[in-house]
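K.L.:
Following this message is one structure expressed as C-alpha cells.
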Amino acid sequence: MAKSIQMDKLRLGVCYYPEHWTEELWSEDFRRMKEMNITVIRLAEFAWTILEPQEGCFDFSFFGRVMDLAHHYGLKVILGTPTATPPAWLTYKYPEVLNANVDGVIYRHGMRRHTNYSSPKYRELCERIVSKMVEAYRNHPTLIGWQIDNELNCQMDVFYAETDHIAFREWLQVRYGTLENLNKAWGTVFWSQTYTEWEQVYLTRTMVGMSPNPHLALDEKRFISDITISFAKLQADIIRELDPHHWVTTNGTFGHIDNHEMTDKLLDFFSYDSYPQFATIRVGDDENPLHDRAWSMKLSNVRSMSPNFCVMEQQSGPGGWVDGKAMGTPRPGQIRLWSYQSVLHGTDLLVYFRWRTATMGTELYWHGINDYHNEPNRRVREVAQIGEEFAKIGELIVGTTYRAEIAIMQDYDNSWDGELDQWHGPLNNQSVRSWYKQLQYRHLPTDMITLRPRTVLEDLRKYKAIVYPHPAIMTDETAALLQDFVEQGGMLFFGARTGYKNPSGHCYMRPFPGVVAELCGIKIDDFTLIKGNVLPAELSWKGSHLPSGTIAVGFNEILHAAKADVDIMAEYASEYYMGMPALSRRTVGQGQVWYYGAAYNEPVVDAILDEIGLKSPVAEYMDIPSEVELGIRYSQEKAYIFLLNYSDKQVTVNLRKPVVSLFDGSTIENNVTLNPYGVQILSS
Ligand code: GLA
C-alpha cells in the first residue's frame with residue numbers, strides 16, 4: 001500500500017511564524033491567505049521556548065489563539081514538533097544533549113540542530129514536550145496533521161557526542177553480537193586495529209590523515225540512520241497513541257538517513273522541501289546543465305517513497321542567510337514553474353516557505369511571498385494566480401500519479417560507502433547526472449528508485465529499463481534478483497566498479513565485475529582510475545553516431561567477453577588498451593544486460609538511447625523542444641500531460657492531434673506556445 005497523502009483536491013499552504021509578528025497582523029494575514037486560496041498553514045516547528053518557557057512549565061495559549069483565529073478564517077493547521085531548536089535553558093542545564101564535532105568539540109547554543117539523538121536526557125525532554133503538545137492541540141478543529149521535528153539531519157549529519165559513542169557500541173553489539181564478529185567485519189587485523197574490549201570502539205575520531213577504517217565508516221552511517229529514525233519514532237509513537245486521527249509526516253531528504261525505511265516504519269507519507277534555486281549557486285563545470293530542472297530528480301526520489309506527497313516548503317522568493325548562503329531572485333514565472341514542477345511529480349499539498357520574510361534572525365534574507373513592507377508585490381500576485389489555477393484543476397489532478405518506463409536505481413549502502421571510497425563514489429554522480437539529463441532532454445519520464453532489502457521482482461518488473469550505474473556493494477542474492485528482471489524482459493545497465501564488494505565493504509576475491517560477472521558474461525582484465533595525468537581513452541562505437549573524440553570518463557575497465565553471446569558495442573580507441581572492449585551487451589532470456597567499463601557521460605547515454613529505441617509517451621503526436629520537461633500524471637481513465645518550460649524564451653510544442661488545456665478548457669490545435677518559464681497541463 002503506497003504511503004501517499006490523501007487530499008480532496010490540490011491545496012496550497014504556507015509556513016507561518018506568528019511568533020515573529022505582532023498579534024494585530026495575524027487577522028489581516030489570514031484574510032489575505034484565504035483570498036489567495038491558501039487554505040493550510042504550518043506552525044510551531046521552532047517554537048519550543050514559547051511552549052515550554054521554563055523547564056516543566058508549559059504554556060499552549062499562544063498557538064491556541066493562533067489556531068482559534070485560523071479556524072475563524074477557515075484555515076487548516078499542520079503542527080511541527082519543536083525538537084530541532086531546544087531552548088537555551090535546556091542546553092545550558094543539560095549540556096550532554098549537545099552534538100560534538102569529530103574532535104569532540106561541543107556545538108553550542110545559537111543555531112539549530114545542535115543536539116544529538118542519543119542523549120537519554122534529550123530523548124526524555126523531547127518525549128515530554130511532544131506529549132504535552134499533542135495533548136494540548138489534538139482536538140483543535142483546525143488540526144490536520146503533524147510534522148515530526150524539522151529536516152532531520154539538515155545542517156549536520158554526523159554525531160560525535162559522548163552518548164553517540166556509547167549508543168554506537170550498543171548498536172554494534174546488537175548487529176555483531178561478539179567482538180570477534182565485529183573485528184572480522186571491520187577487517188581490524190589490518191594495521192593491528194583489533195579490539196579486545198567494547199570500550200575501545202568509537203565512532204570516527206580525529207586520526208592521522210582523517211581516513212577512518214572504511215568498514216567502520218560505513219557502519220557509522222548505518223548507525224546514524226538508525227538512531228535518527230529511532231528519534232523520529234519516539235515522536236511518531238507518541239502522536240499515534242495520543243492522536244490516532246491525524247497524519248504524521250516529516251520533511252526533507254538529508255544525509256545519512258534511510259528515508260524509505262523511515263517512511264515505511266513510521267510515517268503516513270513523506271514530505272519534501274523544494275528549493276530549486278539552489279541550482280544557481282551550485283553551478284559546476286557541467287555542459288548544458290539542468291539547473292532548477294535537476295530538482296525533478298529529487299522530487300522523483302520522494303515519489304519513490306510516497307507517490308502523492310506534500311511539499312512542506314516550496315521556494316517562494318530568493319533564499320539567503322546573513323552569512324552568504326545567498327541566491328538570485330526567482331524570475332517572473334519561476335515560482336509558478338517550480339510549483340508545477342512539484343505538482344507534476346506528485347505533490348498534492350504545496351506549502352510555501354514562507355508567508356513573509358523575517359525582519360530579524362539568521363534568515364533575514366530568506367524571502368517569503370511577502371516582503372518586509374507587506375505591500376503587494378509580484379510574488380504575491382504569482383502565488384495568487386497559482387491559487388486561482390488550483391481552484392480550477394485541483395480536483396482533477398489530486399491523487400493521480402506519475403508513471404515512467406525507465407528508472408535510475410540507487411541504494412543507501414553504496415551512497416554511504418561512496419562518500420569515503422573515491423574508487424566508486426564519484427562515478428555515481430557523474431553517471432546519474434548524465435542519464436537523468438539525457439532522459440529529460442529526450443522527454444522520457446524517469447523514476448528514481450532505491451534498491452532495498454525488501455525489493456522484489458514485482459517492484460522492478462514495471463520498468464522496461466533500469467540504470468544501476470555503479471553498485472560496488474552487491475550480494476549474490478541481489479545479482480539473482482537482477483538476473484530475474486533481465487530474464488523476464490528488462491534492460492539493465494551497469495557501469496564501472498559494479499559488484500566487487502560485500503555488505504561490509506570488503507572486496508570479493510573474484511574477477512571483476514564480481515557478483516554480476518556471470519550475468520554480464522564478461523571479465524575485466526585490466527583497469528585504471530582516470531585521475532591527474534591518467535587521461536581517459538577515446539571510444540569508438542561500431543556503426544553509430546557517437547561523436548568522434550567521445551571519451552570514457554571516470555574509470556576505464558578493459559572488458560573481455562567470457563561468453564559467446566556477448567556483443568561488444570563499443571571499444572576503446574586510444575591508450576594502451578586501444579581496440580579492447582569498453583561496452584558490452586548480452587541478451588539473457590527476454591531481456592538485455594549492458595556493462596560499461598567507465599562512468600556514463602552524455603554522448604554515451606545518447607548513443608545507448610538511440611540503440612534501444614525508448615520513446616517519449618507522446619512522441620506520436622508532440623514534438624517538444626529540449627528546454628521543456630514532459631511528465632504525465634495518470635488516473636485510471638485520464639492522462640494529464642505537463643509541459644514545463646525552464647527557459648527564459650518562448651517555445652513552441654508542435655501537435656499532430658488536438659489537446660485540451662486544463663487551465664481554461666480550450667482546445668489547442670497545431671501547436672502549444674509556452675511563455676518563458678511557462679506551464680501547460682493538457683489532456684488529450
Ligand atoms: C529549510 C528549513 C526552513 C528554512 C529554510 C530556508 O528548508 O526547513 O526552516 O530554514 O530551509 O533556509
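The values are calculated or read from the model by the stated rules, or taken from the named source; none is laboratory data. Every value quoted in this text rests on a predicted model; they were computed, and no experiment measured them. We place every Cβ from the backbone using ideal geometry, glycine too, and count neighbours over all the protein chains shown. We work out accessible area using only protein heavy atoms, side chains counted, and drop any ligands, DNA or RNA first. Shrake-Rupley method; radii C 1.70, N 1.55, O 1.52, S 1.80 Å.
K.L.:
Would you pick out the residues in the range 1-42 that are β-branched (Val, Ile, Thr), more than 16 Å from the ligand (Cβ to nearest atom) and touching a residue at least 24 places away in the same chain (Cβ under 8 Å)? Please lay out each step first, then the result.
P.N.:
Filtering the range 1-42 for residues β-branched (Val, Ile, Thr) gives 5, 14, 22, 38-41.
Imposing the further condition that a residue be more than 16 Å from the ligand (Cβ to nearest atom) reduces the set to 5, 22, 38-40.
Answer for the range 1-42, where residues must be β-branched (Val, Ile, Thr), more than 16 Å from the ligand (Cβ to nearest atom) and touching a residue at least 24 places away in the same chain (Cβ under 8 Å): 5, 38, 39, 40.
K.L.:
So, one more: Can you tell me which residue among 501, 437, 462 is out of contact with any Leu (no Cβ under 9 Å at 6 or more places or on another chain), open to solvent by less than 40 Å² (accessible area, probe 1.4 Å) and at negative phi?
P.N.:
501
K.L.:
To continue, here is another question. Taking the stated definitions as given, is residue 221 in contact with a helix residue (DSSP H, G or I) (Cβ under 8 Å, 6 or more places away or on another chain), under 20 Å from residue 126 (Cβ atoms) and charged (D, E, K, R)?
P.N.:
In short, no.
K.L.:
Could you please tell me which pairs satisfy a Cβ distance under 7 Å, a separation of 6+ or placement on different chains, a first residue in the range 399-425 that is assigned to a helix (DSSP H, G or I), and a second residue that is among the acidic types (Asp, Glu)?
P.N.:
412/258; 425/419
K.L.:
Taking the residues in the range 232-253 that are open to solvent by less than 10 Å² (accessible area, probe 1.4 Å) and touching a helix residue (DSSP H, G or I) at 6+ places or on another chain (Cβ under 7 Å) as candidates, determine which candidate is farthest from residue 170 (Cα to Cα).
P.N.:
243
K.L.:
Quick check: anything in the range 321-340 open to solvent by less than 10 Å² (accessible area, probe 1.4 Å), away from the ligand (no atom under 11 Å from the Cβ) and of a type in the set (A, V, I, L, M)?
P.N.:
Yes, that holds for at least one residue.
K.L.:
Within the range 91-103, can one find any residue that is assigned to a helix (DSSP H, G or I) and aromatic (Phe, Trp, Tyr)?
P.N.:
Looking for residues that are assigned to a helix (DSSP H, G or I) and aromatic (Phe, Trp, Tyr), one finds at least one in the range 91-103, hence yes.
K.L.:
Take the range 635-659 and flag every residue that is closer than 17 Å to residue 296 by Cβ and in a strand (DSSP E or B).
P.N.:
Residues satisfying the conditions are 640, 641, 642, 643, 644, 645.
K.L.:
If a residue must be in contact (Cβ under 8 Å) with a residue 60 or more places away in the chain and not in a loop (DSSP other than H, G, I, E, B), how many such residues does the range 597-614 contain?
P.N.:
Looking only at that region, the number is 11.
K.L.:
Just give me the residues in the range 163-180 being of a type outside the set (Asp, Glu) and surrounded by 13 or more Cβ atoms within 10 Å (Cβ to Cβ), in sequence order.
P.N.:
163, 165, 166, 167, 168, 169, 171, 172, 173, 175, 176, 179
K.L.:
Hey, can you tell me all the residues within the range 16-69 that are under 29 Å from residue 111 (Cβ atoms) and among the aliphatic types (A, V, I, L, M)?
P.N.:
Within the range 16-69, 25, 40, 41, 43, 44, 47, 50, 51, 66, 67 meet the criteria.
K.L.:
State which residue pairs qualify: first residue among the basic types (Lys, Arg) and inside the range 361-378, second residue open to solvent by 40 Å² or more (accessible area, probe 1.4 Å) in any location, beta carbons under 7 Å apart, and separation of 6 or more residues or different chains.
P.N.:
Going by the 7 Å Cβ cut-off, the qualifying pairs are 378/332.
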